[in-house]
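See structure below.
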């Protein structure tokens with residue numbers, strides 16, 4: 001059996017075609033980019049660095065990485081690769097591969113860096129997919145990884161809310177597109193938007209909003225709320241991991257010196273190929 005779910009790939013292609021990020025405010029997107037890449041060791045990359053974006057989607061992160069490197073290889077198995085090609089037209093140093101982690105044609109030990117954000121937890125065997133990524137890296141090369149976390153740093157009531165939302169996700173995610181997309185938009189409008197904006201108000205009043213659900217969206221555009229609501233509730237395959245599990249997975253994937261970001265999104269981390 002191959003390490004992919006064709007239905008999940010198809011649905012992500014539909015999602016990224018719908019949310020192509022072509023007209024979204026670049027400053028807002030850049031702030032989001034910095035959340036993920038705040039721990040990335042740009043200063044350690046060689047002068048003519050060549051690396052990969054595994055699961056590039058629409059290329060929303062690639063547009064900020066490409067100007068910093070010699071070559072960026074964007075790998076995406078879904079039809080979203082066509083959206084990425086359109087969004088990244090001005091970046092002549094980007095190459096595109098409509099491939100999965102397991103059939104990626106990049107040569108082993110050929111990449112100076114890599115990143116994979118919000119992708120591998122949607123693949124049946126996350127460990128194997130991670131190993132497929134790290135085998136592409138040169139010794140000492142960094143990889144930036146973001147996997148859904150299991151709320152280990154949150155109170156019990158927070159986890160209970162997530163469990164309820166997960167039951168809803170399992171129903172919504174297997175619904176037809178004509179039902180799933182409108183329901184996700186309603187969730188964004190009635191849940192994501194008001195709760196996140198309430199967190200914004202509380203933050204301005206001086207309160208710690210870290211444990212308010214969806215607080216990470218408090219200063220993000222509604223467009224992203226709609227996208228991430230579909231991303232969350234429209235996905236039929238979702239896995240979550242603890243910090244220790246992610247560390248163990250990276251070590252099994254022949255990496256070392258794992259470092260986690262202290263800020264959201266959890267868990268975003270950096271590691272280096274042995």
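Read-outs: derived from the displayed coordinates by stated rules, not from any lab. For clarity, every value in this text was computed on a predicted model and none was experimentally measured. Reconstructed Cβ throughout: ideal geometry from the backbone, glycine too, with neighbour counts over all protein chains shown.
With 105, 110, 78 as the choices, which residue is free of Cβ contacts under 8 Å to residues at least 12 places away in the same chain and farther than 19 Å from residue 247 by Cβ? Give the steps one after another, and end with the answer.
Values: 110 fails: free of Cβ contacts under 8 Å to residues at least 12 places away in the same chain; 78 fails: free of Cβ contacts under 8 Å to residues at least 12 places away in the same chain.
Going through 105, 110, 78 in turn, the sole match is 105.
Residues in segment 85-122 that are surrounded by 18 or more Cβ atoms within 10 Å (Cβ to Cβ) and touching a helix residue (DSSP H, G or I) at 6+ places or on another chain (Cβ under 7 Å): 87, 88, 94, 96, 101, 104, 114, 116, 117, 120, 122.
Residues to consider are 183, 270; find the one that is part of a helix (DSSP H, G or I) and crowded, with 16+ Cβ neighbours inside 10 Å. I'd like the intermediate steps shown before the answer.
Details: 270 fails: part of a helix (DSSP H, G or I).
After applying the criteria, what remains is 183.
For segment 1-23, a residue qualifies if it is surrounded by 17 or more Cβ atoms within 10 Å (Cβ to Cβ) and more than 28 Å from residue 128 (Cα to Cα), and the qualifying residues are 19, 20, 21. What single numbered condition from (1) within 25 Å of residue 226 (Cα to Cα); (2) more than 21 Å from the chain's Cα centre (by Cα); (3) touching a residue at least 40 places away in the same chain (Cβ under 8 Å) fails to hold for residue 140? Here residue 140 clears every test but (1).
Does residue 128 satisfy being surrounded by fewer than 18 Cβ atoms within 10 Å (Cβ to Cβ), part of a helix (DSSP H, G or I) and in contact (Cβ under 8 Å) with a residue 24 or more places away in the chain? Taking the combined requirement at face value, the residue satisfies it.
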